[in-house]
Amino acid sequence: MGLDPIRYKPWIGQRTEHAKRFLVITDHVFRHKLRSKWLLGIIVLGSILVWVFPILIFSLSPHDSLTTEMMLETLQNDLLFIFVLIAASLVCADLISEDLRGNSLVLYLYRALRPERYLLGKVLGALLVMSLFTFIPPIALGIAVTATQTGPDYAASAEVIARTVLAAVLTTIFFVPMGMMLSSFTTKRTYAAVGIFMFFFTMTIVAGIFSESDINWQLLGPGNLLNYWYDVIFGETLPKGLSSAGIAIMTFLLLVPPLMVTYWRILSKGVGK
Amino acid sequence: MNDALMTGGQGDVDKGAEGNVTAKDVVMRYGNIMALDHLSMEIPTGIVGLLGPNGAGKSTFIKAVLGLVEPQGGTITVGGLDSRQNVLTIRDKVGYMPEHDCLVEVMTGVELVSYFGMISGMSKNDSIPRSHEVLDFVGIGEERYRPISSYSTGMKQRVKLAQAIVHDPNLLFLDEPTNGMDPLGREEMLDLIERIAAGHKSILVSSHILQDMERVCEHVIIINNGRAVAQGSLKNLLGAQEGRMKLVARGVPEDLAPFVKYLEREQRVISTSEEHGQVTVVLILRGPSGDIFAAAKNAGVQVRSLTADLSTLEEVFIRSV
């Protein structure tokens with residue numbers, strides 16, 4: 001190291017990419033996450049256990065068309081819930097906490113980047129990574145089964161694929177807002193990761209305990225809530241006594257307030273030390 | 001907030017007329033603590049030192065200019081733009097080097113600088129070569145390809161400076177830029193600041209290291225307890241008392257004594273010290289200096305020097321706070 005007597009050179013150019021800055025953050029998150037061996041390991045292992053086997057089994061066994069039963073059987077697999085939960089914990093844990101730990105949040109915000117744009121970039125990055133496990137594989141399953149069907153009713157299969165897209169979008173976004181919020185509460189990514197996993201796990205346990213008195217308690221469990229959503233999306237009837245409003249409220253509570261709290265945390269922490 | 005910057009397509013910011021910062025009656029409280037107490041100051045272009053003891057309100061003032069904290073009263077303008085109405089426009093025009101660690105340690109130096117270049121609105125094609133250019137400028141060589149977590153404090157300070165100048169702002173805020181650096185590193189950092197300022201940039205350097213400020217600043221503002229207690233050009237501050245001179249005279253003690261008595265009678269003597277037949281008198285002239293030379297001649301005393309007695313910044317600082 002050491003200084004060569006270099007004159008400061010002004011930059012002659014135009015800064016024209018202000019509107020795309022959140023995409024820079026998204027791209028950074030995506031690339032950074034793809035370097036994580038743990039996360040890649042979980043995605044690969046989960047994909048093999050949750051998606052590859054159904055793709056092989058459904059595609060190789062004789063079938064007339066893609067059915068909602070096939071998709072529901074795969075999506076409502078407990079293994080999927082566990083792997084999505086672990087993946088969400090690993091993806092979201094350091095998204096905000098690392099910027100808080102290193103005070104780098106201030107480097108974003110002093111640059112005229114609105115906190116919502118910063119948050120949008122981070123959320124999109126997380127969703128992009130999550131989609132590697134929760135969006136692309138179910139669509140691939142649908143396409144593979146449709147491509148190998150023996151029957152002529154491709155319209156029915158296409159309809160199931162369309163419903164699968166909806167279900168996959170929901171699965172992708174379901175855990176991210178809460179993950180972001182818990183990440184914004186700490187400066188340690190390990191705490192955040194464990195916190196995210198334990199939050200959803202505890203909710204599942206609590207739902208299991210109280211659901212014996214009333215079925216609506218099941219909605220506290222994120223896995224149950226997702227499964228009911230899959231039923232709704234694929235046109236199945238919900239269990240008797242289950243409140244549709246309860247599903248909507250719980251979903252709202254898991255998605256919207258956490259993002260608002262995260263936004264507030266970014267605003268309050270943006271000042272740095 | 002002016003939203004124009006965030007909607008895209010606004011092109012580059014106006015690169016002119018963004019130097020001067022003016023603060024008027026700025027009040028900023030954190031609970032019961034008064035961080036800025038009706039602070040008023042005028043920051044001209046060039047290298048300006050913002051001096052003050054720890055907790056004086058230096059960093060708070062910079063954050064208030066950047067809109068990172070919102071003052072409860074008063075106005076701050078940057079290049080004529082109100083810091084509340086045009087916070088995003090102002091932020092887009094400035095570079096900021098925070099005091100504390102703020103780097104993403106898993107990134108390499110070049111990744112970080114180009115990344116924040118893009119966060120400043122530069123395209124990837126512009127940001128990468130520019131980041132190499134500024135890293136060359138700050139003296140980060142092949143280390144730029146190593147993760148920042150492996151950098152020394154001095155290297156981190158340089159990368160912090162690099163990210164602040166990557167988008168070539170005309171106004172730079174440097175908060176304790178020499179913090180934690182060894183003497184050589186400090187000297188190099190000050191040299192960098194001077195070189196940046198030579199490119200017609202306005203630089204506000206916040207520091208409590210007075211020697212550093214004396215070395216690079218053209219203008220100094222001293223704040224204490226959230227108030228500006230002294231401000232002006234360094235030259236004026238250091239020679240603040242007009243006519244303050246330092247006289248060194250040599251002679252035998254019998255001749256020196258009446259000469260000193262004459263000085264005490266005819267001039268305003270601040271201090272006198274004598275050592276090995278040489279007397280040093282700090283005084284404020286009340287008349288032409290020729291009278292002193294005439295009196296010295298009559299007393300048989302040899303005047304070795306009569307020069308303006310400039311204070312050090314440390315003396316000015318201590319007097320002010």
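The values are calculated or read from the model by the stated rules, or taken from the named source; none is laboratory data. Not measured: the values here are computed from a predicted model. Because the Cβ atoms are built from the backbone with ideal geometry, glycine has one as well, and the counts that use them run over all protein chains shown. SASA here: full protein model, heavy atoms, side chains in, ligands and nucleic acids out. Shrake-Rupley method; radii C 1.70, N 1.55, O 1.52, S 1.80 Å.
Being surrounded by 15 or more Cβ atoms within 10 Å (Cβ to Cβ), at pLDDT below 85, within 14 Å of chain A (Cβ to nearest Cβ) and in a helix (DSSP H, G or I): is that true of B:L68 here? So that I can check it myself, show each step before the final result.
Numbers: surrounded by 15 or more Cβ atoms within 10 Å (Cβ to Cβ): yes; at pLDDT below 85: yes; within 14 Å of chain A (Cβ to nearest Cβ): yes; in a helix (DSSP H, G or I): no.
No; evaluated as a whole, the condition is false for this residue.
Are any residues in the stretch B:181-196 over 16 Å from B:D136 (Cα atoms) and among the basic types (K, R), and if so, which ones?
B:R186
Listed residues B:L204, B:L192, B:L263; which is within 25 Å of A:P10 (Cα to Cα), open to solvent by less than 20 Å² (accessible area, probe 1.4 Å) and part of a helix (DSSP H, G or I)?
Values: B:L204 fails: part of a helix (DSSP H, G or I); B:L263 fails: within 25 Å of A:P10 (Cα to Cα).
Of B:L204, B:L192, B:L263, the one residue that is within 25 Å of A:P10 (Cα to Cα), open to solvent by less than 20 Å² (accessible area, probe 1.4 Å) and part of a helix (DSSP H, G or I) is B:L192.
Can you find, within the stretch B:108-126, the residue that is farthest from the other protein chains (Cβ to nearest Cβ) among those that are among the aliphatic types (A, V, I, L, M) and open to solvent by less than 10 Å² (accessible area, probe 1.4 Å)?
Step one: filter the stretch B:108-126 for residues among the aliphatic types (A, V, I, L, M), giving B:110, B:112-113, B:118-119, B:122.
Then drop every residue that is not open to solvent by less than 10 Å² (accessible area, probe 1.4 Å), which leaves B:112-113, B:119, B:122.
Values: B:L112: 9, B:V113: 11, B:I119: 5, B:M122: 5 Å.
For the stretch B:108-126, the residue satisfying everything is B:V113.
Condition check ((1) of a type in the set (G, A, S); (2) within 14 Å of another protein chain (Cβ to nearest Cβ)) across all residues:
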| residue | (1), (2) |
| --- | --- |
| A:A245 | yes, no |
| A:I249 | no, no |
| A:Y263 | no, no |
| A:K269 | no, yes |
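Would you say B:P169 is assigned to a loop (DSSP other than H, G, I, E, B), open to solvent by less than 10 Å² (accessible area, probe 1.4 Å) and more than 12 Å from chain A (Cβ to nearest Cβ)? Give the steps one after another, and end with the answer.
Values: assigned to a loop (DSSP other than H, G, I, E, B): yes; open to solvent by less than 10 Å² (accessible area, probe 1.4 Å): yes; more than 12 Å from chain A (Cβ to nearest Cβ): no.
Against the criterion (assigned to a loop (DSSP other than H, G, I, E, B), open to solvent by less than 10 Å² (accessible area, probe 1.4 Å) and more than 12 Å from chain A (Cβ to nearest Cβ)), B:P169 does not qualify.
Applying the selection to the stretch B:11-60, what residues are under 20 Å from A:Y110 (Cβ atoms), open to solvent by 70 Å² or more (accessible area, probe 1.4 Å) and modelled with pLDDT of 85 or more?
Result: B:Y30, single match.
For the stretch A:45-64, state whether one or more residues are within 14 Å of chain B (Cβ to nearest Cβ) and either open to solvent by 10 Å² or more (accessible area, probe 1.4 Å) or among the polar types (S, T, N, Q) (or both). Can you show your working first?
So the first thing to find is which residues in the stretch A:45-64 are within 14 Å of chain B (Cβ to nearest Cβ), and the list is none.
There is no residue in the stretch A:45-64 that is within 14 Å of chain B (Cβ to nearest Cβ) and either open to solvent by 10 Å² or more (accessible area, probe 1.4 Å) or among the polar types (S, T, N, Q) (or both).
Residue under question is B:M122, and the condition is that it be in contact (Cβ under 8 Å) with a residue 24 or more places away in the chain and touching a Lys or Arg at 6+ places or on another chain (Cβ under 8 Å); does it hold?
So B:M122 passes the test.
Hey, any hits in the stretch B:267-285 for a residue that's open to solvent by less than 10 Å² (accessible area, probe 1.4 Å), of a type in the set (G, A, S) and away from chain A (no Cβ under 14 Å)?
No, the stretch B:267-285 contains no residue that is open to solvent by less than 10 Å² (accessible area, probe 1.4 Å), of a type in the set (G, A, S) and away from chain A (no Cβ under 14 Å).
A:T150 passes all but one of (1) among the β-branched types (V, I, T); (2) open to solvent by less than 10 Å² (accessible area, probe 1.4 Å); (3) modelled with pLDDT under 95; which number fails?
Result: A:T150 passes all but (2).
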